[in-house]
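The values are calculated or read from the model by the stated rules, or taken from the named source; none is laboratory data. Quick caveat: nothing in here was measured; it's all calculated off a predicted structure. Using ideal geometry, Cβ is built from the backbone for each residue, glycine included, and neighbour counts are taken over all protein chains shown. Protein only, heavy atoms only, side chains kept; ligands, DNA and RNA dropped before computing areas. Shrake-Rupley method; radii C 1.70, N 1.55, O 1.52, S 1.80 Å.
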Amino acid sequence: MKIKYELLNCDDISNYLLELANLRIEVFKEFPYLYEGSIDYEMRYLTRYQKSKNSLVIICLIDNKVVGASTCISLLDEDDDFKSPFLNKEWDIAKIYYFGESIIKKDYRGNKIGHEFFRLREEFAKEKLQQHLKFTTFCSVIRKENHSKKPHEYRPLDNFWKRLGYSDDYNLFTEYSWKDIDKKIEDSKKMKFWIKAWN
């Protein structure tokens, strides 16, 4: 199995837009996101990475097939839903990098791809902000322990994130809306930030 990573800047992303959109829909349909995606929304969502000079999209290919993707962007260039919790507590968001999705097709998990996604994104954030980098962060959705759609074999990634140096002890939360696969309309979900301090 030959694993290859491609690092895409804002000018390169357009070559993979449709594949990225389909990959997000496929993976986020799983628990805990249960996201009923649409190509139209995904294309609009991905434009933030095309517009920002401080963004990175990482593509993972196995035997020349896209099996995973990961993103990061300066928090300055993110939506207000993700900036506001930090601004409300007077954090300097110019010194923070936000990690978006880190998604891998089910059949290819367990090959250390997730580790490499984090390493490459952190390396990019440090290269961009150098000594000014204070934090890297990402969000995870909060679901009830007894959620009806939770698979018996589901294992949260909390311990994996903690081993990489991320903590959810900062008590920073946001809300984001999407339509669940078993719902007729979208509703708001509570999400918590995981944060890693760099200096």
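Some notes on this structure:
- Answer residue from region 157-199, given it is loosely packed, with under 11 Cβ neighbours inside 10 Å and in a loop (DSSP other than H, G, I, E, B) and is modelled with the lowest pLDDT among those: N199
- Search result, residues across region 130-188 that are within 18 Å of F86 (Cβ to Cβ) and without any contact (Cβ under 8 Å) to a residue 40 or more places away in the chain: H132, Y166, S167, D168, D169, Y170, N171
- Residue list for region 72-89, filter: free of Cβ contacts under 8 Å to residues at least 40 places away in the same chain and either open to solvent by less than 10 Å² (accessible area, probe 1.4 Å) or assigned to a loop (DSSP other than H, G, I, E, B) (or both): I73, E78, D79
- Of the residues contained in region 43-56, none is found to be under 17 Å from I3 (Cβ atoms), in contact (Cβ under 8 Å) with a residue 24 or more places away in the chain, in a strand (DSSP E or B) and in contact with a Leu (Cβ under 7 Å, 6 or more places away or on another chain).
- Residue check for K150: outside any loop (DSSP other than H, G, I, E, B), among the charged types (D, E, K, R) and at pLDDT 95 or above: no
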